[in-house]
Amino acid sequence: MTGFETSPLLSTDPSIRHGFFGRSGGVSEGDFAGLNVSWSVGDDPDIVDKNRTLVRNAIGAGPLVIVRQTHSTDVATVTGPIEPSSIEADALVTATPGLALAILTADCTPILFHDPEAGVIGAAHAGWRGAVDGIVGRTVAAMADLGADPARIRAAIGPTISAPNYEVGPQFMRDFLALHPDGGRYFHVPAGRKEHFDLPGFVRDQLASAGITRIDPLAICTYARPDRYFSHRYATHQGTRTGRQVSVIALT
């Protein structure tokens, strides 16, 4: 069975369907075993397409809108189906019912957004680069262009790597603090280790800075649960490959 997590905050409104999928329930094998939805990691494209169909059926949504993610701050406003990976962006927004905005991750932070009054949804891929450069604020601004109000937007933070498992080192910290001088609180140094970064904590504060007050962090670490989620860093440490999971939101 294709399972997924939902946000209690987003689940209060019947006008949307959403889900944070992991690796369970798919038909991929080997390193990609489970519900891999990425064409670009070395999996069989036909199998990936079957997994994408399983996602659609599980959530009861229309066409998956999947873009080519490049760790940018580019936001695409979509009004209809697109050819998968035909445009580059790291966030999607729409006010069009039936479209399922889909974000692929394997440690980076997926964020799903909804303004129930305006009928506007969004989905963002916030890796450290995109988060630091402002993908959250740009996604909220694109939703506002469609009539959303940050004060009404609800946001859920899906499965992502957590600070205890995200070692980044001193150069990363220096580069980060050059852009966010007050961001020292997002780092800690375990005994005998290098600096660790709290990506989901930083993302949550970026959401708050954008004016969003209703935020639901699922607090699930991808690295800590390789049986349930694809984790690029875990796979790298094990000398293997990994797939990509998907987070989806759609207006009904």
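The values are calculated or read from the model by the stated rules, or taken from the named source; none is laboratory data. Just so it is clear, the structure is predicted and the values come from calculations on it, not from any experiment. Because the Cβ atoms are built from the backbone with ideal geometry, glycine has one as well, and the counts that use them run over all protein chains shown.
Here is how the numbers come out for the structure above:
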quantity	calculated
Boolean, ASP49 is acidic (Asp, Glu) and surrounded by fewer than 17 Cβ atoms within 10 Å (Cβ to Cβ)	yes
Some residue of the range 86-93 being more than 21 Å from THR139 (Cα to Cα), surrounded by fewer than 20 Cβ atoms within 10 Å (Cβ to Cβ), touching a strand residue (DSSP E or B) at 6+ places or on another chain (Cβ under 8 Å) and not aliphatic (A, V, I, L, M)	no
Considering residues of the range 26-45 that are out of contact with any Phe, Trp or Tyr (no Cβ under 7 Å at 6 or more places or on another chain) and of a type in the set (Val, Ile, Thr) only, the residue surrounded by the fewest Cβ atoms within 10 Å (Cβ to Cβ)	VAL27
Residue check, VAL93 without any contact (Cβ under 8 Å) to a residue 60 or more places away in the chain, over 23 Å from HIS232 (Cα atoms) and of a type in the set (A, V, I, L, M)	yes
Index of the failed condition, ASP107 passing every other in (1) at positive phi; (2) surrounded by fewer than 17 Cβ atoms within 10 Å (Cβ to Cβ)	(2)
Filter result for GLY184 (loosely packed, with under 15 Cβ neighbours inside 10 Å, in contact with a Leu (Cβ under 8 Å, 6 or more places away or on another chain), farther than 24 Å from PHE4 by Cα and at pLDDT 95 or above)	yes
Of residues in the range 110-125 being out of contact with any helix residue (DSSP H, G or I) (no Cβ under 7 Å at 6 or more places or on another chain) and not hydrophobic (A, V, I, L, M, F, W, C), the one surrounded by the fewest Cβ atoms within 10 Å (Cβ to Cβ)	GLU117
So ARG68, is it under 26 Å from GLY134 (Cα atoms) and modelled with pLDDT of 95 or more	yes
One residue from THR70, THR79 being under 20 Å from LEU199 (Cβ atoms) and assigned to a loop (DSSP other than H, G, I, E, B)	THR70
Unique residue being in contact (Cβ under 8 Å) with a residue 24 or more places away in the chain, in contact with a strand residue (DSSP E or B) (Cβ under 8 Å, 6 or more places away or on another chain) and assigned to a strand (DSSP E or B) when the list is GLY62, GLY26, GLY19	GLY19
Residues (in contact with a Ser or Thr (Cβ under 6 Å, 6 or more places away or on another chain) and part of a loop (DSSP other than H, G, I, E, B)) located in the range 82-100	ASP90, THR96
First in the range 125-150 and among the polar types (S, T, N, Q), second anywhere and crowded, with 18+ Cβ neighbours inside 10 Å, Cβ under 8 Å, 6 or more apart	THR139/VAL75; THR139/ALA91; THR139/VAL93; THR139/ILE111; THR139/PHE113; THR139/GLY122; THR139/ALA124
Options PHE176, PHE197; residue that is closer than 30 Å to VAL55 by Cβ and buried (at least 18 other Cβ atoms within 10 Å of the Cβ)	PHE197
Test for PHE4: is it under 17 Å from the mean Cα position of the chain (by Cα) and surrounded by fewer than 22 Cβ atoms within 10 Å (Cβ to Cβ)	yes
Answer residue from the range 67-85, given it is touching a residue at least 40 places away in the same chain (Cβ under 8 Å) and within 13 Å of the chain's Cα centre (by Cα) and is surrounded by the fewest Cβ atoms within 10 Å (Cβ to Cβ) among those	HIS71
Members of the range 41-59 found to be under 26 Å from GLY122 (Cβ atoms) and either of a type in the set (Lys, Arg) or free of Cβ contacts under 8 Å to residues at least 60 places away in the same chain (or both), listed by number	VAL48, ASP49, ASN51, ARG52, THR53, LEU54, ARG56, ASN57, ALA58
